[in-house]
Amino acid sequence: MKAQAESWATSGIPPEKVAEVVSRAIHASNPRTRYTAGRDSALLTRLVRILPDKLLDRMLRSQMKLQ
């Protein structure tokens, strides 16, 4: 898990992109409940809505190389 977290830290989206999303949320006159930063988080948000929990957990475990 530690190795996977380190990999994500080096291959993740730049902090500037996250800062842009945070700034947009702070300055929005009618802010949304949730914001996503990066393609992976947007995809995950959509998958959570449509996939059963067990299938989503299996996919996440596979991505984290836990299985």
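Bear in mind that the values in this text are calculations on the coordinates, not laboratory data. Computed from a predicted model, the values in this text were never measured in an experiment. Quick reminder, even Gly has a Cβ in these numbers, built from the backbone with ideal geometry, and neighbours come from all protein chains shown.
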Given R₀ = 25 Å, what would the calculated FRET efficiency be for Lys2 paired with Ala28, taking r from the Cβ atoms and rounding to 0.05? 0.10
Starting from 0.36 nm per residue, how many nanometres of slack lie between Leu43 and Arg58 once their C-alpha separation is accounted for? 3.8 nm
For Thr45, Thr10, what's the fewest-to-most ordering of other Cβ within 10 Å of each Cβ? Thr10, Thr45
Could you list log10 I(q)/I(0) for segment 14-63 at q = 0.17, 0.22 Å⁻¹, which the Debye formula gives when each Cα is one point scatterer? -0.64, -0.84
